[in-house]
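Readers should treat all values here as calculations from the given coordinates under stated rules, not as data from a laboratory. Keep in mind that what you see is a predicted model, and the values were worked out from it rather than measured. In this analysis, Cβ positions are derived from the backbone assuming ideal geometry, glycine residues included, and neighbour counts consider all displayed protein chains.
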Amino acid sequence: MLHTVNKSPFDKNSLENCLRFARKGHSILLFEDGIYGALKGTRFETLIAEGLKSSTIYVLVPDLEARGMRMDNVIDGVKATDYAGFVDLSAENKTVQAWL
Amino acid sequence: MLHTVNKSPFDKNSLENCLRFARKGHSILLFEDGIYGALKGTRFETLIAEGLKSSTIYVLVPDLEARGMRMDNVIDGVKATDYAGFVDLSAENKTVQAWL
Amino acid sequence: MEDEVIKKFLYVNRKAPYGTIYALESLEVVLIGAAFDQDVSLAFIDDGVYQLKKNQQTSVSSGIGVKDFSKTYRALEGYDVEKLYVDKKSMEERGLSEDDFLVDVQVFDEAQMAELMEQQDVVLSF
Amino acid sequence: MEDEVIKKFLYVNRKAPYGTIYALESLEVVLIGAAFDQDVSLAFIDDGVYQLKKNQQTSVSSGIGVKDFSKTYRALEGYDVEKLYVDKKSMEERGLSEDDFLVDVQVFDEAQMAELMEQQDVVLSF
Amino acid sequence: MKFGILVNEGPYQHQASDSAYQFTKAALEKGHEIYRVFFYHDGVYNASRLTVPPQDDRNIVNRWSDLGKEHNLDMVVCIAAAQRRGLLDENEAKRQGKDANNIAEGFRISGLGQLIEAGIQSERMMVFGD
Amino acid sequence: MKFGILVNEGPYQHQASDSAYQFTKAALEKGHEIYRVFFYHDGVYNASRLTVPPQDDRNIVNRWSDLGKEHNLDMVVCIAAAQRRGLLDENEAKRQGKDANNIAEGFRISGLGQLIEAGIQSERMMVFGD
């Protein structure tokens, strides 16, 4: 299953709740304001580190760069993707759940 | 100063941040989905209890009742008000700050 | 007939009622969707559990000036929409229990809810 | 003249850029407001601090397909809007420092920010 | 006392417009003056005369129009926000080469300066949003 | 693969419509099929032909219209959500006694059943919202 999170973890509880229900082997895509969850040095870094143990986490680079960040700023282990990659992830997984 | 909070503390960080900046003697009005912050027995009960030590906290009863709650469900010390009371509070305080 | 496909639809409700329209318009999708004979489940997570709170009181001419639509949840049974699941943690951290809800629900822990999500074909989030 | 009243206006920015339009449209108010010769301050709190992040990169034809409007913050000085305050805690819990911002700001702790708010006549939140 | 009201969200999706309306009505009932109601961001959609809400629901646009008429309210829709979102009066439609307009009775389209002016002239500025 | 796309927010206020557009475009470029794009909640505003965004900004409505034309997309606006919010086509305007309509080229108004059908017929259903 692919989970998508488009909200900043500081602003809303979407990422936290997504991680509660994501199962081993699931994929999680952080996009729009969700990319802030992928960054090093924030209060939520340990949450993502924990999530990485069981899920594959992706960050949408166009959303990252729009907000003045680069892959250098992203937690190790989080993978880069773009809109084409987002499409691939959606096709590869049987269902997609948006954590609005 | 009157602070208004219209978001559930579970969903957004508005109440938490409002309480960070509210000073002794300020008033805080919880309305719309903000009323959930005024309820007994939730994870945020201690946050409000702390806030009550320095601020006067109000809850808008029409919003409370719309959501199936009554003043019985509200933390002791939080005061009931309605739209007319909301107007009075706004007139009594020199400025009003909405924590959107 | 194309319509003979039966898929598992899950409606995920994570928002409180009245502050935004998502709860109401999600319910409208569920009601229309009931005519399609699919396998439908509703999940209530986070503030979504507040949608089911008993004793909601408002009308166009009183309260907040918005219609109380909570009775519609009671009508779901008549449309054969009977699988309503509430997230245990969301319920408990809000100080709520099953008695607070206006319809019968099943309370699921995280593992059960994750399993439910896993089984779906279509997940609609509101 | 009515316009001779000078009031203290505070714009409170608590939302990230691009995910929603509030940051951009707040800036549009500030620019128009600059013509009114009022005493203007801007506060950046919570995800609002991200509005000032350096090196934002997007355009209508690349990236997320949305115009980069961050350069406008640099233009504020030319409009005599020079009082930009960043909440220290918001900055720090995001792992940011003053070097990350595209304009000069003053970093305020909670007491200073509360004092700033207290002095205002009009607080516009976006 | 003189109030200014800012509405940042459209009708129905968020409660902001409902709350702003209830507040404005209560203020008027108490004898206060409303200097201006300013509709910004998606708030501009509150001024569309093309809405047809269900019979058993409130009609948010008409409610504003009626209150505006009764109390001679100055209800201003921000032109920049309105252009982005497709809210036009007859003049704007002509100027932009559009074949229709959709503004409701009692609203007028004007610039952001009207919001600043409301801040200056009102004794209290109220913000209703998301 | 066959995708269904649900757009829950209007243009500009939230990024949802932008992201949905970028996703849809990328999917088409990869040779996937888009069964339907369904506009719900404030998403119905994406179909207004009266928007006039600033010259240097993207035109969200035209972008959808153009993509729809190029790929013959089925772009459906929910009738119930549209009525509440003032988005009408010629037929609906007549039926509701309104003197104007505002739907853009390439969009059609229909019922919520079209969303369910998109869920049934698509292999993947994507939701973009707030």
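Identify, for chain E, the residue whose C-beta comes nearest the rotation axis onto chain F, and round that distance to whole Å.
E:Ala100, 2
Using alpha-carbon pairs under 8 Å, 6+ residues apart, how would you state the relative contact order of chain F in percent?
After rounding, I find 37 percent.
Along the positive direction of the dipole of the protein assembly as shown (beta-carbon charges: Lys, Arg +1; Asp, Glu -1; about the Cα centre), which of D:Phe9, D:Ser61, E:His71 reaches farthest?
Of D:Phe9, D:Ser61, E:His71, it is E:His71.
Could you work out how far apart the two model spin labels at C:Gln119 and B:Glu16 are, taking each label as a point 7 Å from the Cα in the direction of the beta carbon, and quote it in nm?
3.5
³J(HN,Hα) across segment C:63-72 via Karplus (A = 6.51, B = -1.76, C = 1.60, θ = phi - 60°), whole Hz, x for Gly/Pro?
x, 8, x, 10, 4, 6, 9, 5, 4, 4
Once phi is turned into ³J(HN,Hα) by the Karplus curve 6.51 cos²θ - 1.76 cosθ + 1.60 with θ = phi - 60°, what whole-Hz value does each residue of segment F:108-119 show in order, with x for glycine and proline?
For segment F:108-119, the Karplus-derived couplings read 9, 9, 7, x, 5, x, 5, 6, 4, 4, 4, x Hz, x marking Gly and Pro.
Using a Gaussian network model of chain B with C-alpha springs under 10 Å, which one of B:Glu45, B:Glu65, B:Glu16 is most mobile by mean-square fluctuation?
Fluctuation is largest for B:Glu65.
Hey, for B:Arg43 with labels 7 Å out along Cα-Cβ, what do the inter-copy distances come to in nm, ordered shortest first?
1.3
Relative contact order for segment D:8-125 using alpha-carbon pairs under 8 Å, separation at least 6, rounded to a whole percent?
33
Please list 3J(HN,Hα) in residue order for segment E:7-13, calculated via the Karplus relation 6.51 cos²θ - 1.76 cosθ + 1.60 where θ = phi - 60°; whole Hz, with x for glycine and proline.
10, 9, 10, x, x, 6, 4
Could you please state, rounded to a whole Å, how far the C-alpha centre of segment F:57-130 is from the C-alpha centre of segment B:1-49?
38
Which residue, B:Lys40, B:Lys79, B:Lys12, has the most motion in a Gaussian network model of chain B that connects Cα atoms within less than 10 Å?
Looking only at B:Lys40, B:Lys79, B:Lys12, the largest GNM fluctuation is found for B:Lys12.
Please arrange B:Arg67, E:Arg85 by how many other C-beta atoms lie within 10 Å of their C-beta, fewest to most.
Lowest to highest Cβ neighbour count: B:Arg67, E:Arg85.
Taking chain F as a Gaussian network, Cα atoms linked when under 10 Å apart, which of F:Phe23, F:Phe38, F:Phe107 shows the biggest mean-square fluctuation?
The residue with the greatest mean-square fluctuation here is F:Phe23.
For chain F, what is the calculated [θ] at 222 nm in deg cm²/dmol (nearest 500), taking -39500 (n - 2.57) for each run of four or more DSSP H residues and dividing by its residue count?
-10500 deg cm²/dmol
Starting with the fewest neighbours, write out C:Arg94, F:Arg49 ranked by other beta-carbon atoms found within 10 Å of each beta-carbon.
F:Arg49, C:Arg94
When a/c is below 1.5 the answer is rounded, else prolate if a/b is larger than b/c, else oblate, so apply that to the protein assembly as shown with a ≥ b ≥ c taken from the square roots of the Cα gyration tensor eigenvalues.
rounded
Specify whether the C-alpha gyration tensor of chain D places it in the rounded, prolate or oblate class, a ≥ b ≥ c being the square roots of the eigenvalues: rounded for a/c under 1.5, otherwise prolate if a/b is larger than b/c and oblate if not.
Oblate.
Students often get this wrong: which residues of segment C:1-38 have the backbone nitrogen under 20 Å from the point 7 angstrom along Cα-to-C-beta of B:Leu47?
C:14-20
What are the distances, in nm and sorted shortest first, from the label point of D:Asp39 to the label points of the same position in each other copy, with each label point placed 7 Å from Cα along the Cα-to-Cβ direction?
6.7
What residues of segment E:28-58 lie in the reach of a label at C:Ser61, counting those whose backbone N is under 20 Å from a point 7 Å from the Cα along Cα→Cβ?
Of the residues in segment E:28-58, E:29, E:53-58 have backbone N under 20 Å from the label point off C:Ser61.
How large is the dipole of chain D about the Cα centre if only Lys and Arg carry +1 and Asp and Glu carry -1, each at its Cβ, rounded to the nearest 20 debye?
It comes to approximately 640 debye.
Please report, for C:Val60, the nm distances (one decimal) from its label point, 7 Å out from Cα along the beta-carbon direction, to the equivalent points in the remaining copies, shortest first.
From this label point to the equivalent ones elsewhere in the assembly: 4.3 nm.
Would you mind ranking B:Met71, A:Met69 by Cβ crowding within 10 Å, fewest neighbours first?
B:Met71, A:Met69
Helix C:22-33: angle to the longest alpha-carbon principal axis of chain C, degrees 0 to 90, nearest 10?
The answer is roughly 40 degrees.
5 Å is the cut-off here: which amide hydrogens, built 1.01 Å from N in the peptide plane, fall below it relative to B:Leu29, excluding neighbours closer than 5 in sequence?
Under 5 Å from the amide H of B:Leu29: B:His3, B:Thr4, B:Val5, B:Tyr58.
Let me know the shape class of chain E, please: from the alpha-carbon gyration tensor, a ≥ b ≥ c as square roots of the eigenvalues, rounded when a/c is under 1.5, otherwise prolate if a/b is greater than b/c, or oblate.
Oblate, because a/c is 1.5 or more while a/b does not exceed b/c.
Does a label point 7 Å from the Cα of F:Met1, set along Cα-to-beta-carbon, have any residues of segment A:9-33 with amide nitrogen under 18 Å, and which are they?
Flagged as within label range: A:23, A:25-31.
With the crude spin-label approximation of a point 7 Å out along Cα→Cβ, what separation in nm comes out for F:Glu123 versus A:Asp88?
For F:Glu123 paired with A:Asp88, the spin-label model returns 1.6 nm.
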